[in-house]
Amino acid sequence: MDGRNPPENPTVENGAEIASPMELLAVMGRDFVSTRDIDATLARALACIARYVEAEAGALFLLDDAGQTLRCHASVGPTEIRGLALKADQGIVGRSVQTNVGEIVRDVSRDPSFTRVVDQQTGFCTRSILCAPMSVKDERIGAIELVNKRCGNGLFDHADLTLLQTLASSAALAILNARMAEELVEQERVRRELELAAEIQRSLLPEPPADDFPVHGVNCPARTVSGDFFDFYALPDGRICFSLGDVSGKGINAALLMAKAASLFRCLGKTIHEPGHLLSLINAEISETATRGMFITMVAGVYDPSTGAVRIANAGHEPPLFHDRRGAFTAFEAEAPPIGITPPDMFGNAGFPEAQLRLDGGAFYVFTDGVTEGYLADGSEFGVAGFKRLMSENAGLPAAERLTAVTSRIARADVALRDDLTLLVIDDAATAAARAGAAERTPPAGPTADVGERLLDLRFPAKAERLKLVRGAVSETARLNGCSEGVARDIVIAVDEACQNVIRHAYQGASDGDIILEVYRRGTDLVFLLKDFAPTIDTAKVKPRDLDEIRPGGLGTHLIREIMDEAAFLPSPPQGGNVLKMVKRIA
């Protein structure tokens with residue numbers, strides 16, 4: 001390369017003599033491309049360079065990722081200094097890296113930048129230094145430093161510097177290529193792992209149901225993995241549990257928390273059918289392990305196709321929308337904070353607050369903010385108003401097609417999604433029509449033929465602590481229909497006693513049953529129907545005892561009949577359970 005003669009003792013590499021700088025460069029190049037062990041390759045290259053230049057010792061330093069520290073990755077000579085760390089601007093090697101200029105220092109004792117740390121620690125004596133930076137264009141990688149020339153006058157010359165700079169540039173390019181190759185391999189590994197994670201996430205979502213199934217959902221991730229989820233499944237009694245949630249943040253952390261929340265819902269929801277209680281348990285589990293600052297907004301609920309009733313609990317989520325048959329929309333605001341930031345005992349045994357509604361042929365939509373904050377083709381946000389307008393325009397379409405109308409408007413191929421898009425609908429239209437047809441085909445029987453105008457419809461778990469809600473609703477209904485405070489109070493006592501009897505005797509204290517209370521106005525009468533799903537009882541055995549008889553039990557039935565004008569069990573429904581009818585005349 002420089003036209004000079006090779007050293008008297010030619011460098012030997014793998015048994016072959018290296019007779020010229022060009023051959024040395026070729027040998028190093030072959031070595032760099034034939035192995036992925038870059039550190040071992042650099043060590044061999046440094047040894048070749050030091051032998052060819054006839055340096056007593058040498059070291060190869062690389063900058064760390066932050067560009068703040070130079071660390072020795074290879075060394076040759078009598079002193080082993082691998083692992084030695086210097087500040088990025090420390091010593092002659094640091095100066096060479098910062099200025100990106102090669103240097104010859106023939107007498108280090110006259111150079112104020114020379115640091116004697118290594119000499120002091122090892123006893124080695126450094127007299128002269130040859131240093132060349134390793135860089136590719138403006139990207140600085142490190143430097144190669146040679147110490148003390150063995151031959152001649154013991155001083156490095158400019159031919160040595162030119163050679164070292166050429167070899168350092170070759171080493172720098174090899175290091176950069178190796179790093180790029182490692183990054184590509186790592187990116188491919190991450191891509192495969194993300195695809196696997198996305199596949200696992202998709203497996204957590206429910207299978208698309210039949211077209212006539214009342215519940216449908218869709219999830220469109222903004223990235224490979226999603227922080228949104230939804231689920232629904234049928235219970236043995238025909239009711240359908242559903243949920244939809246949105247994990248804060250993005251990426252793998254959000255996806256992992258999403259998977260845990262979705263798994264908890266499906267696992268716990270198979271036995272716990274009260275949405276408020278279910279969210280309370282999920283919150284307790286998530287609060288124990290969630291990364292600081294992460295939380296989940298979530299809606300959980302139960303839909304009863306036989307009645308069209310929906311009961312939900314909302315933990316800090318976007319308000320679901322009820323679209324009734326008249327075209328009006330009603331929003332259901334969250335009554336509790338998100339999951340993961342709520343103290344586990346915030347709501348006590350009662351669980352998260354619940355709301356109830358009867359769909360009566362309408363549709364109930366639950367969605368994430370990726371829907372309302374999605375971009376339209378003109379760059380504007382879809383918004384709640386846009387969602388309502390689109391649902392009104394497509395109200396005649398099947399439920400699954402309505403969801404497609406939303407996703408096709410926002411999740412377009414030409415625009416990246418702003419956020420995960422997840423949407424769930426409970427469509428009561430078909431089941432309402434089926435209920436109406438069944439009612440027309442089934443003639444009314446006996447006392448249930450005329451119950452009048454419906455005033456109240458509550459479904460609640462058979463637990464004593466849930467009766468506070470029932471007492472309040474019954475009292476308000478009685479007063480709004482002309483009952484005095486005293487009469488309303490008596491009615492509340494009778495209904496509460498009837499509910500307690502169902503809990504104690506029909507369900508025998510089991511906590512997994514439900515009670516339905518319906519209140520009707522028929523002329524001057526208030527009609528109360530109390531229904532349960534417990535085994536059918538022998539109504540002949542349900543009668544008040546003589547008040548003179550001293551023993552526990554029986555007084556509740558006596559109290560109900562004293563307060564109410566009528567109290568009798570109706571024939572049990574075909575699906576089982578018990579129905580108690582109570583009537584109170586208010587005029």
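Quick note: the coordinates plus some simple rules give every number you see, no bench work behind them. Values in this document were obtained by computation on a predicted structure and should not be read as measured data. Glycine also receives a Cβ, built like all others from the backbone with ideal geometry; neighbour counts cover every protein chain displayed.
At-a-glance table
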| quantity | calculated |
| --- | --- |
| Relative contact order of segment 447-585, pairs being alpha-carbon contacts under 8 Å that are 6 or more residues apart, as % | 26 |
| Proximal lysines to residue 87, defined as alpha-carbon separation beneath 30 angstrom and excluding residues fewer than eight positions away on the same chain | 137, 149 |
| Under 17 Å from residue 270, Cα to Cα: lysines that are on another chain or at least 8 residues apart | 260 |
| Residues 521, 150, sorted so that the one with the fewest Cβ neighbours within 10 Å comes first | 150, 521 |
| Separation of the residue 349 and residue 481 label points, Cα + 7 Å toward Cβ, nm | 3.0 |
| For peptides 159-169, 294-304, sequence by mean Cβ density within 10 Å, most packed first | 294-304, 159-169 |
| Reachable lysines from residue 468, criterion Cα separation under 19 angstrom, eight or more residues apart if same chain | 531 |
| Proxy reagent accessibility, fewest Cβ within 10 Å first, across 410, 563 | 563, 410 |
| Mean Cβ neighbour count within 10 Å, used as a protection proxy, ranking 206-218, 229-241, 309-321, 350-362 highest first | 309-321, 350-362, 229-241, 206-218 |
| In order through segment 400-410: 3J(HN,Hα) via Karplus (6.51 cos²θ - 1.76 cosθ + 1.60), integer Hz, x for Gly, Pro | 4, 6, 5, 5, 4, 4, 6, 5, 5, 6, 9 |
| Virtual spin-label span in nm between residue 469 and residue 289, 7 Å along Cα→Cβ | 2.9 |
| Long-range HN-HN contacts of residue 455 with modeled amide H, under 5 Å | 519, 520, 521 |
| Normalised contact order of segment 205-433, rounded percent, pairs of Cα under 8 Å and 6 or more residues apart | 26 |
| ³J(HN,Hα), Karplus 6.51/-1.76/1.60, whole Hz, each residue of segment 165-179, x for Gly, Pro | 5, 5, 5, 5, 5, 5, 5, 4, 5, 5, 4, 4, 5, 5, 5 |
